[in-house]
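The structure under discussion appears below in the form of structure tokens.
The values are calculated or read from the model by the stated rules, or taken from the named source; none is laboratory data. Bear in mind that the values here come from a model prediction, so they are computed numbers and not experimental data. Here the Cβ positions follow ideal geometry from the backbone for every residue, glycine too, while neighbour counts run over all protein chains shown. To get the accessible areas, we keep the full protein, side chains included, count just its heavy atoms, and leave off ligands, DNA and RNA. Shrake-Rupley method; radii C 1.70, N 1.55, O 1.52, S 1.80 Å.
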Amino acid sequence: RNSNRAAIAHLHRQLYGRLYPVLLVNTDGSTVRLRYREPKRILMLPLDSSTLPEAERKARLRRHFPSKPKAKEEETFEGIDLDTYKKFWKK
């Protein structure tokens with residue numbers, strides 16, 4: 001174990017020896033700088049969906065779980081005039 005191990009991969013520690021400055025983002029968008037036990041840049045608090053209005057809660061659920069894509073109809077070559085593409089064919 002030498003000091004170069006941390007440069008290659010992240011440290012596998014359970015506890016860090018100091019506190020690190022972190023930006024905490026509240027659910028209303030306000031930010032607070034605090035000292036956290038793990039070296040992170042940003043911490044975001046989870047949003048409580050029970051406090052949201054019904055329309056916004058449904059809109060958030062639609063963004064998280066979009067509907068399945070609809071099957072597209074296959075193109076048919078019945079209505080295409082092949083004489084218009086005759087100039088692209090090799091002879």
Sparsely packed GluC sites (Glu not before Pro) within the stretch 20-91, loop by DSSP, other Cβ within 10 Å at most 10: Glu73, Glu74, Glu75, Glu78
For the stretch 14-66, accessible area per residue (1.4 Å probe, heavy atoms of protein chains only), Å²: 89
222 nm mean residue ellipticity, helices alone, for the chain (DSSP H n ≥ 4; -39,500 (n - 2.57); rounded to 500): -4500 deg cm²/dmol
Potential extension, Asp81-Met44 segment - 0.36 nm per residue separation minus Cα distance: 7.4 nm
Cα-based radius of gyration of the stretch 14-66 once divided by 2.2 N^0.38 Å, which approximates compact folds: 1.54
Distribution of pairwise C-alpha distances over the chain, 10 Å bins, in %: 11, 18, 17, 15, 12, 10, 13, 3
